[in-house]
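Participant: Let me give you the structure first, and then I'll get to my questions.
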Amino acid sequence: MDPYPPSPYLYVSHDGMISKEEAMKVVSTCKMDIHKFPFDTQKCNITFSSVIHTVADIQLIPFSNSSRATQASREVMQTQGEWEFLDMTVSRGKLIFEGGEWDTISYTITMKRRPLLHITNFLIPILFFLCLDLASFLISDQRGEKLGFKVTVLLAISVLLLILNDILPSMSNRSPLIATYCIVIFAFLLLSLFETIIVTHLIERDSVHQEWDQNQTGSHTCGPEEKRLGCCVFAVAERETPCDPLPVAEEVIGGVTAQEESGVLLLILDNLRAAERMLAFLVNNCSERKSGYWTTLARRINTAFFTIYLTSVILFITFICKEWFN
């Protein structure tokens with residue numbers, strides 16, 4: 001409270017009432033509730049009372065009612081800055097302590113913060129970054145730009161969190177909703193970055209398998225003579241017509257005739273052909289699965305995550321707006 005020079009004037013009314021006015025400047029602090037910052041409304045109470053004189057000595061009576069005090073305050077306050085003055089409530093009460101009774105007059109000042117500056121400089125940019133992260137799902141996962149883009153957006157949110165530390169008042173009993181808003185969006189972006197890393201890893205794993213298959217195929221390429229031999233065997237396999245056995249003499253070699261030995265060799269050749277077909281079938285199926293398995297899995301993960309991600313973002317934005325404007 002800053003004292004002003006005492007006024008030497010007395011006001012005498014026609015009904016015999018004598019009054020004297022003393023001006024004073026009061027600088028006070030109020031406890032703030034910033035739970036809904038920057039859409040918060042604050043109330044500040046200023047109470048006047050005599051310390052020494054009781055009701056028997058001095059009675060305090062408000063000069064004007066609440067509506068007149070509100071109107072007079074609006075006329076006096078030319079500039080309001082960040083705050084918008086709403087109203088002023090005047091109430092009279094009594095303070096009772098150890099048998100004594102004192103008159104009190106309380107002025108309750110209600111102010112509302114102007115949120116436009118914080119909306120344009122902080123809330124909307126964070127929401128834009130979240131929309132950019134959602135739009136990044138349209139970028140191909142096979143390129144490295146998507147991962148770098150998400151890291152850039154995450155760093156931009158980190159810079160805005162430093163700005164929040166400067167604009168947010170430190171005294172409050174409850175956590176402000178704007179802090180929850182920033183932390184949850186930061187968590188969304190972090191989860192999106194993790195998902196991109198996993199999807200990129202799966203796609204690269206599929207690419208590694210394809211390169212390995214190509215290298216294996218190239219390293220086992222047959223020469224000209226081997227190609228002709230393979231084609232010859234394949235042509236014999238397609239005809240499936242048994243060759244006429246050459247006429248051989250019915251001589252016995254070690255107890256087994258040459259005709260019986262030729263039949264055994266043909267049976268072994270048929271078994272080798274069947275094994276070759278089965279092996280080729282298995283190799284083709286395995287290579288087809290390797291070439292597209294991890295990419296398909298990555299696309300399914302990406303689609304499921306985007307659906308859950310978009311639904312969670314919509315629900316969170318709806319919840320936080322409902323809490324702010326409720």
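Participant: Look at region 137-167 and say how many of its residues are surrounded by 17 or more Cβ atoms within 10 Å (Cβ to Cβ) and in contact (Cβ under 8 Å) with a residue 60 or more places away in the chain.
Facilitator: The number of residues fulfilling the criteria is 2.
Participant: Of everything in region 86-122, what is farther than 30 Å from Ser158 by Cβ and in contact with a Pro (Cβ under 7 Å, 6 or more places away or on another chain)? Give them in sequence order.
Facilitator: Result: Val90, Arg92, Ile105.
Participant: Which one is surrounded by the most Cβ atoms within 10 Å (Cβ to Cβ) among residues in region 75-116 that are closer than 21 Å to Leu60 by Cβ and of a type in the set (Ser, Thr, Tyr)?
Facilitator: Going through the qualifying residues, I end up with Tyr107.
Participant: Determine which member of the set Ile197, Ile183, Ile178 is part of a helix (DSSP H, G or I), within 20 Å of Phe39 (Cα to Cα) and more than 13 Å from the chain's Cα centre (by Cα).
Facilitator: From the options Ile197, Ile183, Ile178, the qualifying one is Ile178.
Participant: Now a separate question. For region 184-199, name all the residues that are closer than 17 Å to Leu132 by Cα and either touching a Gly at 6+ places or on another chain (Cβ under 7 Å) or not small (Gly, Ala, Ser) (or both).
Facilitator: Val184, Ile185, Phe186, Phe188, Leu189, Leu190, Leu191, Leu193, Phe194, Glu195, Thr196
Participant: Follow-up question, since we're still on this one. Would you say Gln59 is farther than 30 Å from Pro176 by Cα and either of a type in the set (D, E, K, R) or touching a strand residue (DSSP E or B) at 6+ places or on another chain (Cβ under 8 Å) (or both)? Write out each step before concluding.
Facilitator: Values: farther than 30 Å from Pro176 by Cα: yes; either of a type in the set (D, E, K, R) or touching a strand residue (DSSP E or B) at 6+ places or on another chain (Cβ under 8 Å) (or both): yes.
Yes: the conditions hold for Gln59.
Participant: Taking region 110-144, which residues are in contact with a Ser or Thr (Cβ under 9 Å, 6 or more places away or on another chain), in a helix (DSSP H, G or I) and either over 30 Å from Ile167 (Cα atoms) or among the hydroxyl-bearing types (Ser, Thr, Tyr) (or both)?
Facilitator: If the condition is that a residue be in contact with a Ser or Thr (Cβ under 9 Å, 6 or more places away or on another chain), in a helix (DSSP H, G or I) and either over 30 Å from Ile167 (Cα atoms) or among the hydroxyl-bearing types (Ser, Thr, Tyr) (or both), then Ser136, Phe137 are the ones that fit.
Participant: Let me ask another. Condition test on Thr41, is it touching a residue at least 40 places away in the same chain (Cβ under 8 Å) and under 48 Å from the mean Cα position of the chain (by Cα)? Walk me through it before giving the result.
Facilitator: Details: touching a residue at least 40 places away in the same chain (Cβ under 8 Å): yes; under 48 Å from the mean Cα position of the chain (by Cα): yes.
Yes: the conditions hold for Thr41.
Participant: With the structure loaded, tell me whether Glu98 is in the same structural domain as Asp57 (by TED's automatic domain parsing) and closer than 30 Å to Phe186 by Cα or whether it fails that test. Walk me through it before giving the result.
Facilitator: Working: in the same structural domain as Asp57 (by TED's automatic domain parsing): yes; closer than 30 Å to Phe186 by Cα: no.
No, not satisfied.
The values are calculated or read from the model by the stated rules, or taken from the named source; none is laboratory data. In this text, all values refer to a predicted model and were calculated from it rather than measured experimentally. Positions of Cβ are backbone-derived with ideal geometry, glycine not excepted, and every protein chain shown enters the neighbour counts.
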